[in-house]
Amino acid sequence: MNMEKSYDPKNIEQKLYSTWEENGYFESGIVEKDSYCIMLPPPNVTGSLHMGHAFQDTLMDALIRFNRMRGKDALWQCGTDHAGIATQIVVERQLTQKGIARQDIGRKAFLEEAWRWKAESGGTITEQLRRMGSSMDWSREKFTLDDELSNTVKQVFVSLYREGLIYRGKRLVNWDPVLKTAISDLEVVSEEEKGSLWHMCYEMEGTQEKIIVATTRPETMLGDTAIAVHPEDVRYKHLIGSSVKLPITNRLIPVIADDYVDQEFGSGCVKITPAHDFNDYLMGQRHNLPLINIFEDDATLNENVPEKYRGLDRFIARALIVKEMQSLGLLEKIDDHTLMVPRGDRTRTVIEPYLTDQWFVQVAELAKPAVEAVEQGDVKFVPENWSKTYFDWMNNIQDWCISRQLWWGHRIPAWYDEEGVIYVGTDEADAREHGGVPKSVALRQDEDVLDTWFSSALWPFSTLGWPEKTPEFKQHYPTDVLVTGFDIIFFWVARMIMMGLKFTGSVPFKEVYIHGLVRDAKGQKMSKSKGNILDPLDLIDGIDLSDLVNKRRAGVMKSGDANKIELETRSEFPKGIESFGTDALRFTFAIMATQGRDIRFELTRINGYKNFCNKVWNAARFVLSVVEQYKGQTAEKDLIIGVPEQWIRERFRASIAQVVKGFNEYRFDRSAQSLYEFVWDDYCDWYIEVSKVRLYREGTSQQVKDGICSVLIEMLEDLLKALHPIMPFITEEIWLKLRPILPARGESIMLEPYPAPERHDDAKAVEIFEWLKEFVLGIRRIRADYNIEPKKVISLSVFGNNEEQLGWLQQNEDVILTVGRVGNISLAKEPLIEAATSLVGELTLYIPFDGLIDKNAERIRLQKELEKAEKVARQTEKNLENQSFIEKAPAKVVEEMRARLENSASAIVKLQAQIVKL
RNA sequence: GGGUGCUUAGCUCAGUUGGUAGAGCAUCGCCCUUACAAGGCGAGGGUCGCAGGUUCAAAUCCUGCAGCACCCACCA
């Protein structure tokens, strides 16, 4: 059996993945087994994998593999999203570089471009998902613009429309003047920015009186249709009902009273622009004010403003308005002011409230059952506190603007006749039939497409073939868990719950696991523009410094920033990034996936877990070589299973119980931690070391040797299986090498049953082995404290009259002799003086000075031990002297406390005596 | 203006119904011992953000405060 001396993930991973995929191991069968199903949050089809994906995919894959091994019919439904805005921006940018605007080539040609781009780059992310080891069912891969999914979209749209839950109307919406499309509230991000508050003077009509209004957007004055004051404001009460002459346009507008106005802010007078502000719009409705739209769709000024301002950009117009007001002597003052500026999440441009015809979903009615589902626990958020966030949003939910003035997406299935009457249907024929429109009447389809999130909201059932009653839908819906980030609870999670309940009658998933954000080592959010992103593939394969620098510089806009980023990158990664392999990356994600906290990704951590991979690799290398050398033909029933064997089995049982619990509770950190400790501390540091002694020693019977070999193998296989959901590649690679010496097994570790936490009744063995560990540690501490050369063989004396422990000593003498580098062990009839001392259970072990140890040093060492014991004694005494402790604390705790005091007291006596003698 | 999370060793973080404060990395010794130097063996290091309260007992429960981060919200 040949294994390289150290683990090298290169070459192994991709080969194994191809085998798995080719053999169909990822595919769910519709079989007589319980389903376990996860929906992959579909990544943008033309996107590429970032650390957030890698993290999320690791967790999902761990769950899927774990449940598959536990005998479930596991389906990880995968696919990609057409990502309307994001993809359209990319394609438009490509056209712009060729000097073409999308309007030049028209809708049809543009869509061909977009599909071409999808074909070209659509494989990137799916290939990267494969590199992560993701065991998703590729045979069922979907795309949101597939015919099947598009049909679902149309059906849902038509059905909601006919029920009156979708309507079209002229409303003030968030308008992105760069993309020239409406966007939803969620796609607007408000950011605090420094700006100004301009105080402008308006003259009253007919009197000389002036009033002052404060505004952050002077240019919108061209669309003002009122001035509002508070009805109780004594300063302005007398003006209510009179008119103001709006400067520049010289229109007359009324002064109105509305208690929305805050008397304390600014001057207490508010200019009202109903067509360009959400509050003003509402106020306009209350007071029947006219709406004057002053913008074109690109936010240049339109024909409703004085001629000199027409065609100007809004910000240029702003400056000119301020200048003109100033020259008219109507600019009172300018204050610095920080305000929340609404920006588009894709374009970062300032969003305009803009009056247009759009399609909306009336959400309140859908939200109600979706809230109840979470209240009743049909959907559970993990961690639980996210349900509060969900409730807060759902209880204040606004109608959802679902139309986008884009081309890439699901075209709205609505048609208009000459008079603009709307006919909705799954296709034109259906719309005609439903609306009773004869063939002779020409219909034209709505130009707009649906918000990408509309189709995403249907993902859990559209991918399973709904509305057809497919076997997949029956088997896998509702799905088990949705794994996602908090940032799309509103965008996606809430909407899936609403749509799922509305159309399938049940929730789309039973649990929602919300994970944290992956940040850089300094705790900063990773972003291209900050130049601090790490590419998961670079962590897997490694990257040299110059490539890394170039990659990071490329994401940055300003060249000054790029230089700064280059410097930072060079100091943080002086040698670039070495190759860590997928398993190390995945293990890092898993062990850092605690709940309710973001994770900081540090190279030191992943490096540590790469070492862990190597540790597993070498343990396996050891087991395989040792088995080859020492294993005989002992029959199963004749194997001698010793104390260490019983102990390691019990340790595994306890560990695997923790691991299973961790997976069930989405505490991947605990599962991973528990596995790490078992493999390294228990299996490698103790069991393997102790096994060596007994295998290498002459005179060990073949039954014992075969017992050891069989448990070495058994534990190795079990730990590989236990680790497999987190580290799929290395575990498979080793398991395949191990398989020839295992009883009949299947083709792949991923199809093997997950180890179960079976009961072993090995309490005694555990007690003995833990005692043995203490004994060895006692020797090691003395050796280390006195710098006794590791090669130096020492003698040992033991004093004590605990027959049981003396028996353990005798039974395990060989282990102590070898692991402790001890030449011989003798029993002392009385305490020794000229020796270093260590207390182990009821026994005292002595290492005679023999010139190795200085008497004074030993006295100091014992003094320290004594202080420790005294501290414990004081603490426990304090408790036990307290009457109310004895009365009120549980008996078990009191008992423990007594035992602890007894132990420390006996240690104190022994240590004091020894110190005195010295 | 509301809301959520965080504050524990030098760093990054665990700490599950309250019952002797833990890990990894880093640091300091000693070892290239035939699975692994990507390793082994050992050591040092913490008034658990601050102030109160509940309790026999508080890192853990309650209240208040401070700092940091994030989310939501129409103050011109």
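Things worth noting here:
- Where the Cα pairs of segment A:717-788 fall when distances are cut into 5 Å bins, in %: 3, 13, 16, 11, 9, 10, 14, 12, 7, 3, 1
- For A:K5, the lysines whose Cα falls under 28 Å of its own Cα, not counting residues fewer than eight places away in the same chain, are A:K15, A:K575, A:K610, A:K615, A:K631, A:K692, A:K705, A:K721, A:K737, A:K791.
- Reducing segment A:41-90 and segment A:113-166 to their Cα centroids gives an inter-centroid distance of 12 Å.
- For chain A, the longest principal axis of the C-alpha atoms and the axis of helix A:855-881 are separated by about 60°.
- Computed E for A:A119/A:K180 - FRET, C-beta separation, R0 22 angstrom, nearest 0.05: 0.25
- Gain upon complete extension [A:E303, A:D146; 0.36 nm per residue less C-alpha separation]: 52.2 nm
- If you wrap the Cα atoms of chain A in a convex hull and average its projected area over all directions, you get 52.9 nm².
- Check: segment A:714-770 dipole with +1 on Lys, Arg Cβ and -1 on Asp, Glu Cβ, in debye: 220 debye
- Computed from the Cβ-Cβ distance with R0 of 22 Å, the FRET efficiency linking A:D544 to A:E602 stands at 0.65.
- Put in line by how crowded their Cβ is, counting other Cβ atoms within 10 Å and starting with the fewest, A:V711, A:V916, A:V690 read A:V916, A:V711, A:V690.
- Sorted on the mean count of surrounding Cβ atoms within 10 Å across their residues, most packed first, peptides A:139-146, A:562-569, A:713-720 read A:713-720, A:139-146, A:562-569.
- Within straight-line reach of A:K154, meaning a Cα separation under 19 Å, sit the following aspartates and glutamates at least 8 residues removed in sequence or on another chain: A:D81, A:D146, A:E163, A:D427, A:E428, A:D430, A:E433, A:D446, A:E447, A:D448, A:D451, A:E468.
- When the Cα positions of A:G555, A:M592, A:T604 are compared along the charge dipole of segment A:544-605, A:G555 comes out farthest toward the positive end, with charges on each C-beta of Lys, Arg, Asp and Glu.
- With distances taken between every two different alpha-carbon atoms, segment A:90-237 has a Kirkwood hydrodynamic radius of 22.3 Å.
- Diagonalising the gyration tensor over the Cα atoms of segment A:322-375 and scaling each eigenvalue by 5 before taking the square root yields semi-axes of 43, 16, 13 Å, largest first.
- Sorted on the mean count of surrounding Cβ atoms within 10 Å across their residues, most packed first, peptides A:883-890, A:6-13 read A:6-13, A:883-890.
- Here segment A:663-807 was treated as a single set of alpha-carbon atoms; its pair distances binned every 10 Å from 0 give 8, 28, 33, 20, 10, 1 percent.
- Listed by chain and number, the lysines placed with their C-alpha closer than 25 angstrom to that of A:K917 are A:K829, A:K855, A:K864, A:K868, A:K871; residues fewer than eight positions away on the same chain are left out.
- FRET efficiency for A:Q810 and A:Q875, using Cβ-Cβ distance with R0 set to 35 Å, rounded to 0.05: 0.45
- Fewest-first ranking of A:W400, A:W408, using other Cβ atoms within 10 Å as the exposure measure: A:W400, A:W408
- Computed from the alpha carbon positions, the gyration tensor of segment A:405-475 leads to an equivalent ellipsoid with semi-axes of 29, 17, 7 Å, biggest first.
- Taking every Cα-Cα distance in segment A:556-639 and sorting them into 5 Å bins from zero, the calculated P(r) comes out as 3, 11, 13, 12, 12, 12, 11, 8, 6, 4, 3, 2, 2, 1, 1, 0 percent.
- Placing a pseudo-label 7 Å from each Cα along the Cα-to-Cβ vector at A:T216 and A:D638 gives an inter-label distance of 8.8 nm.
- Mean projection area, nm², convex hull over Cα of segment A:36-164: 10.4 nm²
- As a rough guide to protection, the peptides A:314-323, A:196-205 ranked by mean Cβ packing within 10 Å, highest first, stand as A:196-205, A:314-323.
- Over the C-alpha atoms of segment A:655-722, the Rg to Rh ratio, Rh being the Kirkwood estimate, stands at 1.12.
- Residues A:E303, A:E774, ranked from the fewest to the most other C-beta atoms within 10 Å, line up as A:E303, A:E774.
- Of every Cα-Cα pair in segment A:358-415, the percent that sits beyond 19 Å: 46 percent
- Whole-number D in µm² s⁻¹ for segment A:1-86, Kirkwood Cα-pair radius fed into Stokes-Einstein, 4 °C, 1.567 mPa s: 84 µm²/s
- Inter-centroid distance (Cα atoms) of segment A:277-354 relative to segment A:816-846, Å: 89 Å
- Here segment A:596-717 is described by how far its Cα atoms reach on the three principal axes: 55, 28, 18 Å, from widest to narrowest.
- The helix-only estimate of mean residue ellipticity at 222 nm for chain A, built from DSSP H runs of length n ≥ 4 each weighted as -39500 (n - 2.57), is -14500 deg cm²/dmol after division by the residue total.
Just so you know, all these numbers are worked out from the coordinates, no wet-lab data involved. None of the values given here were measured: they were computed from a predicted structure. Because the Cβ atoms are built from the backbone with ideal geometry, glycine has one as well, and the counts that use them run over all protein chains shown.
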